[in-house]
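Structure, as structure tokens:
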Amino acid sequence: MELAQVRLLVTDFRGCYRFYRDVLGLQPQFEAPDGPYAKFSCDSGSAGIALQERDGMAEVLAELGTAPDGYRSLVVLRVDDLDGYCAQLTRRGAVLVNGPAPMTDRMRVAHLKDPDGNIVELQQWLELRGAV
């Protein structure tokens, strides 16, 4: 089994599309700024992040409704230079809600939200697991 994607069900598709493309700098696999679906690739070829209009998925899974009830997701992106990346993001209009700050003795994190309120965590590993 392999992870294919993390999919966010969003109500502000255009705003979220611009956020993941223009603010976070992720590459869309195809242009779809008006939805109803888009998938973004990360640099390392790992599983991507996908956006889907919440209304469309609610037609398939009626229990979703059209609006989320509290936080339903957390996107985690690993970066090499947390401070530098956060500086780039704030220049592009992102607002950090936490950090950069230590999370553990091996990791620093920062948090921000996309236009739909999904939390994005940026991680910088200071020491890889299993390192001596």
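The values are calculated or read from the model by the stated rules, or taken from the named source; none is laboratory data. Just so it is clear, the model here is predicted, and its values are computed rather than measured. Here the Cβ is made from the backbone with ideal geometry for all residues, glycine too, and neighbour counts use every protein chain on show.
Among the residues of the stretch 51-66, is there at least one that is farther than 30 Å from residue 127 by Cα, in a helix (DSSP H, G or I) and modelled with pLDDT of 95 or more?
For the stretch 51-66, residues farther than 30 Å from residue 127 by Cα, in a helix (DSSP H, G or I) and modelled with pLDDT of 95 or more: absent.
Looking at the stretch 99-118, which of its residues are under 15 Å from the mean Cα position of the chain (by Cα) and either modelled with pLDDT of 90 or more or in a strand (DSSP E or B) (or both)?
109, 110, 111, 112, 113, 114, 115
Just wondering, is there one or more residues in the stretch 14-35 that are surrounded by fewer than 17 Cβ atoms within 10 Å (Cβ to Cβ) and at pLDDT below 90?
Within the stretch 14-35 (the criterion being surrounded by fewer than 17 Cβ atoms within 10 Å (Cβ to Cβ) and at pLDDT below 90), the answer is no, since none of the residues qualifies.
Can you tell me which residue is nearest to residue 22 (Cα to Cα) among those in the stretch 87-120 that are in contact (Cβ under 8 Å) with a residue 40 or more places away in the chain and of a type in the set (D, E, K, R)?
The extreme case among them is 92.
If I ask for residues that are assigned to a loop (DSSP other than H, G, I, E, B) and within 16 Å of residue 19 (Cβ to Cβ), which ones from the stretch 31-50 would you list?
31, 32, 33, 34, 35, 42 - these are the residues of the stretch 31-50 that are assigned to a loop (DSSP other than H, G, I, E, B) and within 16 Å of residue 19 (Cβ to Cβ).
Given the criteria at pLDDT below 90 and surrounded by 17 or more Cβ atoms within 10 Å (Cβ to Cβ), does residue 69 qualify?
Spelling it out, it is not the case that residue 69 is at pLDDT below 90 and surrounded by 17 or more Cβ atoms within 10 Å (Cβ to Cβ).
Considering only residues of the stretch 72-95 that are closer than 16 Å to residue 107 by Cβ, surrounded by fewer than 14 Cβ atoms within 10 Å (Cβ to Cβ) and not charged (D, E, K, R), which is modelled with the lowest pLDDT?
This residue is 74.
Out of the residues in the stretch 17-41 that are among the basic types (Lys, Arg) and closer than 19 Å to residue 86 by Cα, state the one that is nearest to the chain's Cα centre (by Cα).
Among them, the one singled out is 21.
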